[in-house]
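Student: I'd like to ask you about the structure that follows.
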Amino acid sequence: MALPLVGIDSGGTFTDLVLIADGHLTLHKVLSTPDQPARAILQGLADLGVRDAPLAALVHGSTVATNAVLERRGVPTGLITTQGFRDVLEIGRQTRPKLYDLQVRRSVPLVPRARRVEVVERLDARGVVLTPLDPASLHAALASLRADVDGALPAVESVAVVLLFGFTNPAHEAQVAAAARAAGFYVSVGHEILPEFREYERTSTVVLNAYVGPLIDRYLGELEASLPPATPLRIMQSNGGSITSATARREAARTLLSGPAAGVVGAAFVARQAGFDQIITLDIGGTSTDVALVTGKIHQTTDGSIGGLPMRLPMIDIHTVGAGGGSLAWFDQGGALRVGPRSAGADPGPAAYGHGGTGATVTDAQVVLGRLQPDAFLGGAMTLDRAAAERALEEVAARLAMSSAAAALGIVRVINAQMEAAIRVISVERGLDPRDFTLVAFGGAGPLHACELAAALGIPRVLVPASPGVLSALGMLIADILKDYVRTVMVPANDAARPIVDAALADLAAQGRRDLAAEGVTAESMTITADLDMRYLGQSYELPIPYVGDIAGTLADFHAAHARRFGYSDPGEPAQVVNVRLTARGRTNPPDLIVSTPMVDLATAPTAPRAVIFADAAGEPVFAPTAIIDRAALSPGARIQGPAIITQYDTTTVLPPGWVARVDPRGQLLATPMEADQ
């Protein structure tokens, strides 16, 4: 009998757990404990009955690193760099994210200037030593980091080591890192974290790793100590694959978007099962909405950021906005209603949770509208306080001089507009038509909003997985083991480049196979893929192009990709190979069947319709008799006509008037406008 597998997604409001044992899938949700995330995890494992049981693996995605950066709660960090380059974090780039904003506020560097120190050394762009590393300057730099800066700055705990052109020749960085570790610092080194050019982005990425590294190191160490001995603990990466806990403790920045990445992996998996490969993923949780585009494959990017800070490690191309179930309604200086990005979180949470929250949230609005049924939340395991939700809406309604129902509908409209804009960013703004895609809705609140968003964008269908509220946790269990490698080569894209490119890829492939083998991956389960970052000579940024084994063919693909992305190409212009990238993948064997078994017995759904508020043609609130249906009672082939509220343990699906849903053979809901129903 195979040992059970557990996937855990620690979110801002709920911690989701998925257990696969003996071919059965069990899901569970517990309120998160932001002050000590491991506490909710251990409670969830105890509820599932596997707190002290041997496991085949526990795969975990966490918001610890993400929240530390967004809330600026990382450890006191120092930076050691080449003489003359201490201000690279301050200078950054000249790009303006908002061209016409006259009051731009740049993100404050994570390392204050007094904690950015220099050493005397210098390499040229090819790694040739121009100035040897001066030991005296290194000693002075470490002493400066240990010094008390007039009591104004806390003692440095973690150090980022990024020397100019250190990616071409790591000798100096390695010497500085060894000295910093000997001095007792947690150390992140440029050539280990991101061995590629662009000093600002490389420095920012390594500083991010140093800033959150000790937090992740302590957190995972405590979690490992709390688990049964020899329990394999794997951590989800931002690129959609998993790594060992030991690797995550060294390279914490790889986990910055682990939860959202797992959701995209899970969504692509269930969509393929339903026969769709062109999808837009809609992951709505308590604090944010994450959207991504899948066009037969999951797209990655190395041009990401978090909290306004560049992060160049590979990640799934996800667009995030601060809009979720816990987003708070408020009024700006002009008296306009705004919703989010501030969230009620898990503590105290929305007013309807009954834990002391008083601000009106999107969840409270959904309760007042009747779309969230107080007696069917979490399968009846948690009862929502409708009276508290109505009290929270009273202040908003009074400011708007309208009824609580109209105010609640207004809150949902405002948050939907933000979610709709997020979907436009990844589709319309990239030259893609949302009408060519299927919207896959998941997360605790995704199915609540999906049909209305699809109607606004012309998306023809919505797919709601069998277990949408815990899809990210499921995605962790089916995610492959991924290792990403990069090397800067900076050579002309001609036949003379092939030996250089092939030699670099051969080295990286050998390293990838060694690393996968060290994680127990067999040779038969390994796949190696390569990309070349290419650009026209003189351009500032490049496009990743799959390497087809020869430069001429890859160059032709580059011209075509450039035309698709930017509307033009020039095959007569000289091109350049900037970086070679390699992905080593250890394939997993995902389960063939997804069956949701909640931790509690679902109450029988009431058969009598209830009055639920929707908007009429003029946008005014109107009560509509709405069927309340227990999803557990739906069999494959069932057809549901809106308006209907479909309840289940981990989420609620809203089927507005004019929509129809059918249950497919795997228990997934496929919703379409009534006129498209066949």
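Student: Helix 498-518 against the longest principal axis of the chain: what's the angle in degrees, Cα atoms only, rounded to the nearest 10?
Tutor: 60
Student: Here's another thing I want to ask about it. Can you list residues whose amide H is under 5 Å from D630's amide H, if they're 5+ apart or on another chain and H is modeled 1.01 Å from N?
Tutor: For D630, whose amide H was placed from the backbone, the distant partners under 5 Å are A605, T647.
Student: Can you give the longest stretch of the chain with no exposed loop site, where a site means chymotrypsin sites (Phe, Trp or Tyr not before Pro) in a DSSP loop (not H, G, I, E or B) with at most 10 other C-beta atoms within 10 Å?
Tutor: Details: sites that count: Y100, Y541, Y568.
Longest gap between qualifying sites, sites excluded: 101-540.
Student: Work out the charge dipole of the range 73-213 with +1 on the Cβ of Lys and Arg and -1 on the Cβ of Asp and Glu about the Cα centre, then indicate which of A183, F197, I80 is farthest towards its positive end.
Tutor: My answer, from the dipole projection, is F197.
Student: Return a whole-number percent for the relative contact order of the range 246-348, with Cα pairs under 8 Å and 6 or more residues apart as the contact set. It would help to have the intermediate numbers written out before the result.
Tutor: Working: 160 pairs, mean separation 22.4, N = 103.
Relative CO of the range 246-348 lands at 22 percent.
Student: Can you sort D35, D9 so the residue with the fewest Cβ neighbours within 10 Å comes first? Each step should come with its number before you reach the end.
Tutor: On the way: D35 7, D9 33.
With the sparsest Cβ surroundings first, the list reads D35, D9.
Student: Given a Förster distance of 41 angstrom, what is the FRET efficiency for R73 paired with A523, based on the Cβ-Cβ distance and rounded to 0.05? Before the final figure, lay out each step's value.
Tutor: Values: r = 43 Å, r/R0 = 1.04.
The value I calculate is 0.45.
Student: Calculate the spin-label point distance for E675 paired with D616, positioning each point 7 Å from the Cα along the beta-carbon direction, and give it in nanometres.
Tutor: Here the modelled spin labels are 2.1 nm apart.
Student: Okay, moving on. Of the beta bridges DSSP finds with both residues in the chain, what % are antiparallel, to the nearest 5?
Tutor: Of all bridge pairs located within the chain, approximately 70 percent are antiparallel.
Student: May I pose another question? Calculate how steeply helix 386-400 sits against the longest principal axis of the alpha-carbon atoms of the chain, using the helix alpha-carbon long axis, and give the answer as 0 to 90 degrees to the nearest 10.
Tutor: 80
Student: Would you list, by chain and number, the lysines whose Cα falls below 18 Å from the Cα of K297, excluding same-chain residues fewer than 8 positions away?
Tutor: K483
Student: While we're on this one: What shape does the range 184-263 have by the C-alpha gyration tensor, where a ≥ b ≥ c are the square roots of the eigenvalues, rounded means a/c under 1.5, and otherwise prolate means a/b greater than b/c and oblate the rest? Walk me through the numbers before you get to the answer.
Tutor: Values: a/c = 2.46, a/b = 1.51, b/c = 1.63.
It comes out oblate by the Cα gyration axes.
Student: Got a sec to turn the phi values of the range 277-282 into Karplus ³J(HN,Hα) couplings, 6.51 cos²θ - 1.76 cosθ + 1.60 with θ = phi - 60°, whole Hz, x for Gly and Pro?
Tutor: Per-residue couplings from phi come out as 10, 10, 9, 10, 8, 10 Hz.
Student: With the Cα gyration tensor of the range 20-121 giving a ≥ b ≥ c as the square roots of its eigenvalues, does the rule (a/c under 1.5 for rounded; else a/b larger than b/c for prolate; else oblate) give rounded, prolate or oblate?
Tutor: On the way: a/c = 3.30, a/b = 2.26, b/c = 1.46.
It is prolate, given that a/c is not under 1.5 and a/b is the larger ratio.
Student: Give me R565, R250, R312 ranked fewest to most by other Cβ atoms within 10 Å of their Cβ, as a rough exposure proxy. Spell out each step's value before the answer.
Tutor: On the way: R565 12, R250 19, R312 23.
Sorted ascending by nearby Cβ count, the order is R565, R250, R312.
Student: log10 I(q)/I(0), Debye, Cα-only the range 480-586, no solvent, q = 0.21, 0.24 Å⁻¹?
Tutor: Once normalised to I(0) and log-transformed, intensities are -1.01, -1.20.
Student: On a full-extension model of 0.36 nm per residue, what is the gain between A510 and E394, subtracting their alpha-carbon distance, rounded to one decimal in nm? The partial results should precede the final answer.
Tutor: Details: separation 116, 0.36 × 116 = 41.76 nm, distance 6.38 nm.
Contour length minus Cα-Cα distance gives 35.4 nm.
Student: Then there's this: What is the extension gain from A560 to E222, computed as 0.36 nm multiplied by their sequence separation minus the C-alpha to C-alpha distance, in nm to one decimal?
Tutor: On the way: separation 338, 0.36 × 338 = 121.68 nm, distance 4.99 nm.
Difference between extended and current length: 116.7 nm.
Student: Hey, quick one: spin label on R424, modelled 7 Å out along Cα-Cβ, who in the range 77-108 has an amide N within reach, i.e. under 20 Å?
Tutor: Output list for this probe position: 97-101.
Student: Something else: Can you give the convex hull volume of the alpha carbon atoms of the range 73-213 per residue, in Å³? Let's see the in-between values first.
Tutor: Values: hull volume 16.4 nm³, N = 141.
In the range 73-213, the Cα convex hull volume per residue is 116 Å³.
Student: Explain nothing, just the number: relative contact order of the chain, from Cα pairs under 8 Å at least 6 residues apart, as a whole percent.
Tutor: On the way: 1560 pairs, mean separation 83.9, N = 678.
It comes to 12 percent, rounded to a whole number.
Student: Further question: Taking every DSSP beta bridge that has both residues in the range 73-213, what percent is antiparallel when rounded to the nearest 5? Don't jump to the answer; show the numbers that get you there.
Tutor: On the way: 2 of 15 bridges.
That works out to approximately 15 percent antiparallel.
Student: Given a cut-off of under 8 Å on Cα pairs at least six residues apart, what relative contact order in percent is computed for the range 73-213? Don't skip to the answer; put the middle values down first.
Tutor: On the way: 252 pairs, mean separation 41.6, N = 141.
It rounds to 30 percent for the range 73-213.
Student: Also, quick follow-up: Rounded to the nearest 500, what is the chain's calculated 222 nm mean residue ellipticity when only DSSP H runs of at least 4 contribute -39500 (n - 2.57) each, over all residues?
Tutor: Working: 16 runs with 205 residues, N = 678.
Roughly -9500 deg cm²/dmol at 222 nm, from the helical runs in the chain.
Student: For the chain, with only Lys/Arg (+1) and Asp/Glu (-1) charged at the beta-carbon, what is the dipole magnitude about the Cα centre, in debye rounded to 20?
Tutor: On the way: 55 positive and 68 negative charges, 95 e Å.
I would put it at about 460 debye.
Student: Quote to one decimal, in nm, the extra length available between N589 and R39 on full extension: 0.36 nm per residue of separation minus the C-alpha distance between them. Don't skip to the end; give the middle numbers.
Tutor: On the way: separation 550, 0.36 × 550 = 198.00 nm, distance 3.01 nm.
So the extension gain works out to 195.0 nm.
Student: Here's another thing I want to ask about it. If each Cα of the range 280-387 is one equal point scatterer, what is log10 of I(q)/I(0) from the Debye formula at q = 0.18 Å⁻¹?
Tutor: With no solvent term, the Cα-only Debye profile gives -0.93.
Student: Tell me the angle of helix 199-226 to the major Cα principal axis of the chain, expressed in degrees between 0 and 90 and rounded to the nearest ten.
Tutor: It is inclined by approximately 60 degrees.
Student: Given the C-alpha atoms of the chain, compute the convex hull and give its volume per residue in Å³. Don't skip to the answer; put the middle values down first.
Tutor: Numbers: hull volume 117.1 nm³, N = 678.
Given the Cα convex hull of the chain, per-residue volume reads 173 Å³.
Student: List E121, E524 from most exposed to least, where exposure is judged by having the fewest other Cβ atoms within 10 Å. Numbers along the way, then the final one.
Tutor: Details: E121 24, E524 6.
In order of increasing Cβ crowding within 10 Å: E524, E121.
Read the figures in this text as sums done on the coordinates, not as results from a lab. Remember, predicted model here, so these are calculated numbers, not experimental data. When we count neighbours, we look across all protein chains shown, and the Cβ atoms used for this are built from the backbone with ideal geometry, even at glycine.
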